[in-house]
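Structure, as structure tokens:
The values are calculated or read from the model by the stated rules, or taken from the named source; none is laboratory data. Please read these numbers as outputs of a predicted model, since none were measured by experiment. No Cβ is skipped: glycine too gets one built from the backbone with ideal geometry, and neighbour counts run over all protein chains shown. Only protein heavy atoms, including side chains, enter the accessible area calculation; ligands, DNA and RNA are left aside. Shrake-Rupley method; radii C 1.70, N 1.55, O 1.52, S 1.80 Å.
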Amino acid sequence: MKIARWIKYPECQPEESGLYVVNWKINNVYMTVLSFFDRNTKRWYDSNDRDKLIDGINAFNPFKVTPHV
């Protein structure tokens, strides 16, 4: 298991598209959520609905979430 470390966004961005654990600030509350980063558009999307943009991401864990096979 890797230790979680947070990288500030938008100063840094993930190197590839995929699911990441992110810090999301909404209504002055920080939440840790799973979000999809699209490298082509450089935007964060809801992990369950790729048409829904997420604003307010301020940090992300650089380790991409991969499904267990």
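Observations on the structure shown:
- Answer from 23, 40, 28 - the residue that is in contact with a Ser or Thr (Cβ under 9 Å, 6 or more places away or on another chain) and open to solvent by 90 Å² or more (accessible area, probe 1.4 Å): 40
- Subset tally (residues that are surrounded by 14 or more Cβ atoms within 10 Å (Cβ to Cβ) and within 20 Å of residue 68 (Cβ to Cβ)) for region 1-10: 0
- Failed condition for residue 13, given (1) polar (S, T, N, Q); (2) touching a Lys or Arg at 6+ places or on another chain (Cβ under 7 Å); (3) open to solvent by less than 40 Å² (accessible area, probe 1.4 Å): (3)
- Region 53-68 residues that are over 10 Å from residue 19 (Cβ atoms), paired with ones that are open to solvent by less than 70 Å² (accessible area, probe 1.4 Å) and among the polar types (S, T, N, Q) (beta carbon under 6 Å, 6 or more apart): 54/35; 58/23; 59/23
- Scanning region 43-62 for residues that are open to solvent by 70 Å² or more (accessible area, probe 1.4 Å) and of a type in the set (A, V, I, L, M, F, W, C) yields one hit, 53.
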